[in-house]
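Just below is one structure, and these are the notes that go with it.
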Amino acid sequence: MPVDSNASPAAAPAAAERRQAPRKPLRTAATLIIGGYRLPGRTVDISQQGLCVTADRNLPSGTDCDVEFTLMENGRSHRMLLKAKVVHGVLSRQDGFKIGLMLTQVNSTAQQAIDQFMKGA
């Protein structure tokens, strides 16, 4: 099981330097799935290229996972199950660990829902 509650993230560039797409707040329940292990968490924000999830445990950078959550867009509910890779994990005083995920595989329906969510008010 690649969960590491004591992992200390390596020094990384400032968030503004790493991000290539604007982010939008998204607060909903999420589950990170690594093999058969399910790690519950909550989303923090999303972009067309990634999202941030908080969880009680950290995941090592480079870990491949699936992320499952519901995206509400224009009054419609979209169940998302996306492939992602852990980019970084940092300890947050209020929320456990903040885990930055880069989306690695998104089907066209999910990408459309994310794009519309990002355009919405």
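Numerical summary
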| read-out | value |
| --- | --- |
| Of residues in segment 84-106 being within 23 Å of Gly62 (Cβ to Cβ) and of a type in the set (S, T, N, Q), the one modelled with the lowest pLDDT | Ser92 |
| Odd one out for Ala30, checked against (1) in contact with a strand residue (DSSP E or B) (Cβ under 7 Å, 6 or more places away or on another chain); (2) over 15 Å from Gly100 (Cβ atoms) | (2) |
| Those residues of segment 92-113 which are part of a strand (DSSP E or B) and out of contact with any Ser or Thr (no Cβ under 8 Å at 6 or more places or on another chain), in sequence order | Gly100, Leu101, Met102, Leu103, Thr104, Gln105 |
| Some residue of segment 70-81 being surrounded by 15 or more Cβ atoms within 10 Å (Cβ to Cβ), out of contact with any helix residue (DSSP H, G or I) (no Cβ under 6 Å at 6 or more places or on another chain) and of a type outside the set (Asp, Glu) | no |
| Number of the condition not met by Thr31 [criteria: (1) at pLDDT below 95; (2) surrounded by 14 or more Cβ atoms within 10 Å (Cβ to Cβ)] | (1) |
| Residue under evaluation Leu82, criteria (1) assigned to a loop (DSSP other than H, G, I, E, B); (2) closer than 24 Å to Gln20 by Cβ; (3) out of contact with any Pro (no Cβ under 7 Å at 6 or more places or on another chain), criterion not met | (1) |
| Number of positions in segment 34-50 that are over 14 Å from Asp95 (Cα atoms) and surrounded by fewer than 20 Cβ atoms within 10 Å (Cβ to Cβ) | 8 |
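The values are calculated or read from the model by the stated rules, or taken from the named source; none is laboratory data. The shown structure was predicted, so the numbers you read here are calculated from the model rather than taken from an experiment. Heads up, the Cβs are rebuilt from the backbone with ideal geometry, glycines too, and the neighbour counts pull from every protein chain shown.
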